[in-house]
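Have a look at the structure below before the remarks.
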Amino acid sequence: MTDTGDPVRPGEAGPQLSWRPPVHFHSLGLELPEEERPAHLAEIAAEIWPGGTEYQRTTVRGWYEDIAASAAADGAEYAGLYIGGTDDDRLTTATLVVRTDPADARDPDAVAAALEEMLSNDSANQVLRQEAPAGPVVVVVSGLLVTLPDEETGDRVELPLCTVTAHLPVAGADLLLTMQLSTPSAAEFPDYVALLASTVETVSYGEDPAEAGSAAQSAMAAGIEEAFG
């Protein structure tokens, strides 16, 4: 689960902020015009569920559309989905949502310290500070309870999610990069935390994305694993 895909470079010409999404995650098409997204999501549903029924693919596509619409409404630049199998034949899934917000990041250490203090005020959060090749990162582990529609009954069902969020103030870009990975698969959550850490280590600004993270690869993941187990 630690491989990464092609670089994502949000923004215009000039020094580029880039990062590499996990290679097995399927983009939900936020980079596409809105009118092209349904066809893209239908292709993903068919690719992931090639042996499924039309009802299964339609239901899954509707789920993807909800995730993509929610992420787009929140100003995200990327939303991706992973669905895979475990060694004991269980299904595991996760979503990754990435956004950038304007921020005065001339002093990234000060921004990270302020974020760490603010986020630690919520007792439901587990917060720690780590260092990535692109700068200081504030990592938050927490839980969420979301409601989803049941396509068969029309009722709303509750789904508990484990989430890990990385906040990275990007010096020089005046941006706050936020990556949030969520999963209902509690047993695999430690693996997903390490996966997000590996993704954060690929973040670069104004340098060759292929070189990003090479000097400190896995250092952040090791620090998170030590802190959260």
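The values are calculated or read from the model by the stated rules, or taken from the named source; none is laboratory data. All values derive from a computational prediction rather than experimental measurement. Heads up, the Cβs are rebuilt from the backbone with ideal geometry, glycines too, and the neighbour counts pull from every protein chain shown.
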Problem set entry | Matching strands (runs of 3 or more DSSP E) fully within the stretch 129-183 where at least 1 residues are at pLDDT below 95 and surrounded by fewer than 14 Cβ atoms within 10 Å (Cβ to Cβ) | 135-149, 156-170
Problem set entry | Criterion: of a type in the set (K, R) and either at pLDDT below 80 or outside any helix (DSSP H, G or I) (or both) - qualifying residue of R61, R37 | R61
Problem set entry | the stretch 1-34 - residue that is touching an Asp or Glu at 6+ places or on another chain (Cβ under 6 Å) and modelled with pLDDT under 80 and, of those, farthest from T95 (Cα to Cα) | P10
